[in-house]
Structure formats: structure tokens, C-alpha cells
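Q: Quick one: the structure is below, and I'll ask about it shortly.
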Amino acid sequence: KSYLGYLWAVIPGIATTAVWMFLNSQNIINVGETPIPYPLYVLIGSTLWIFFTQAIQTPMNAFMTSTGVLMKLKVSPLAFILAGFGGLLFDLALKLVLVLPACLLFDVTPTIQSIYLFPLGILGIMLTGMSIGILIIPLGSLYDDVIKLVGFSLGFLMYLTPVVYPVPKEGWAATLVNLNPATFLLGATRDWLTKGSSELTLEFSIVLALSFAILSIGLVVLKLSMPHLISRMGM
């Protein structure tokens, strides 16, 4: 029931880029110098940010849509969650169809290192989002306030992440941005795609290790809480 179909995968990134290009060109905001042309910086940043937010929301969405099956059959909710991430990766692939030609348009050519480092960055973003998403399933499935709070927090967190502006060099803004784990995930992944290397590799590795720990905790919590969640669903 959609005329635009798969175009909806790339429309948000294009719209975000157009808005911030306009604001910057009219001096409504001043983002300063970026390591790559600003339109490409925003396009890649917004694409990765949308992927990150969807990675957080996918486990909860997959769990809620599968409640009817979970109440009737003894199946693992991970099957539905992984299926959701399959669709998410397909959606990302459509977005990259726009990003890669944009790199060539602005004379930013991915290197040999980008071939294996950029997918690693994508994996890190997805794993971090998945770990957070799985951890909030038990409370999110019982209280809609949790889902609304996550959506609100992500909207606010975008402005503490260098999605459309470079990392500030000083001040409170610099401190807050550097305390945000998403800064290192998105920053390193964008660097790997456009330069083949990044100064944020160590920080990215630390966030990735923490994500593995959070994911392990989330899986244990989900397994222990499943009988209670299914019981509540049947009430």
C-alpha cells in the first residue's frame, strides 16, 4: 500500500541532510569544519544514527509482535528478534546504495581497509543497539512508559552525538559528547568508511566489549523473566 516503496529507506537520510545543509548555509547554525564535505558528513551520520536507533527498538518491536505465538508455542523470542535484525540489515543495505555514490560524488573514495573495517563498525552499532533493546524487553513489555521514554531519550541523545556536527573541542558540550558511547560507535564507523582508519578505534573496542557484557546480562534476564511475561500476557 505504498507508492514510494523502498524509497522510504533513503528518504529520512536525504531529508535530514537537506535540512542541516540549509541551516548551515544560512548561518542559522555554525557547525564548523568537518573532516569530509558537510553534506556527506550529515548523510553518513544520519544513516548510521537511524540504524542505531532502529537496532535499539527492533528487539522490543519483534517481541511485542510475536506475543501471540509466544503464548501458544514454546519458542525462543530470539528467533523473532534475529528475524527483525535481518530486515534491519536489508534496510541498511538500501540506504548504503545512496551513501556509496555520494562518497564518489564528493571525491571521498573508500579504501581497502574500509572493506572490512566498515562492516565491523556496522556490527558494533547493531550489537550495542541489540544489547540495550534486549535488556529493556522485560520492563518495556509490561509498561508502555518504558517504550515512550526510550523514544524520547533517543530523540534527545541525537543532539549529544556527532551526527550532524563534529565533536566540540572544549566546554560542557565536548564533555557530554565524549561521555556518550554512541559518539565512538558512529565516529569510528564513519571514519572507517571515508578514511580507512580512525582515532576512535580503542574507544570503539571498549564500547563493543561492554556491549557483549550487557547483551549477556540481557539474555539471562530475558530467559528468567519469560515465564512471568507470558503469564502476564495471558491475563
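The values are calculated or read from the model by the stated rules, or taken from the named source; none is laboratory data. Just so you know, these numbers come straight off a predicted model, no measurement behind them. Ideal geometry is used to build each Cβ from the backbone, glycine not excepted, and the neighbour counts take in all protein chains shown. Note: accessible area is taken over every heavy atom of the protein model, side chains too, but ligands, DNA and RNA are not part of it. Shrake-Rupley method; radii C 1.70, N 1.55, O 1.52, S 1.80 Å.
Q: Within region 199-212, restricting attention to residues that are touching a residue at least 60 places away in the same chain (Cβ under 8 Å) and either surrounded by 17 or more Cβ atoms within 10 Å (Cβ to Cβ) or of a type in the set (Asp, Glu) (or both), which residue is nearest to Met130 (Cα to Cα)?
A: Only one residue tops the list, namely Ser211.
Q: Quick one: which of Thr16, Thr47 is modelled with pLDDT of 80 or more and either open to solvent by 20 Å² or more (accessible area, probe 1.4 Å) or not polar (S, T, N, Q) (or both)?
A: Of the residues listed, the single one that is modelled with pLDDT of 80 or more and either open to solvent by 20 Å² or more (accessible area, probe 1.4 Å) or not polar (S, T, N, Q) (or both) is Thr16.
Q: Among the residues of region 127-160, how many are of a type in the set (A, V, I, L, M, F, W, C), open to solvent by 30 Å² or more (accessible area, probe 1.4 Å) and not in a loop (DSSP other than H, G, I, E, B)?
A: First pass over region 127-160, keeping only residues of a type in the set (A, V, I, L, M, F, W, C): 127, 130, 132, 134-137, 139, 142, 146-147, 149-150, 152, 154, 156-158, 160.
In the following step, the residues that additionally are open to solvent by 30 Å² or more (accessible area, probe 1.4 Å) were identified as 132, 135-136, 139, 142, 146-147, 149-150, 152, 156-158, 160.
In the following step, the residues that additionally are not in a loop (DSSP other than H, G, I, E, B) were identified as 132, 135, 139, 146-147, 149-150, 152, 156-158, 160.
Here the count works out to 12.
Q: Another question, then. Between a residue in region 213-233 that is over 10 Å from Ile134 (Cβ atoms) and in contact (Cβ under 8 Å) with a residue 24 or more places away in the chain and any residue that is open to solvent by less than 70 Å² (accessible area, probe 1.4 Å) and among the β-branched types (Val, Ile, Thr), which pairs come within a Cβ distance under 9 Å, given they are 6 or more apart or on different chains?
A: Ser225/Ile137; Leu229/Thr67; Leu229/Ile137; Ile230/Thr67; Met233/Thr67
Q: What's the number of the condition Val163 fails, among (1) closer than 19 Å to Glu199 by Cβ; (2) open to solvent by 30 Å² or more (accessible area, probe 1.4 Å); (3) of a type in the set (A, V, I, L, M, F, W, C); (4) in contact with a helix residue (DSSP H, G or I) (Cβ under 6 Å, 6 or more places away or on another chain)?
A: (2)
Q: So, one more: Read through the list (1) out of contact with any Leu (no Cβ under 8 Å at 6 or more places or on another chain); (2) open to solvent by 70 Å² or more (accessible area, probe 1.4 Å), then give the number of the only condition that Phe106 fails.
A: (1)
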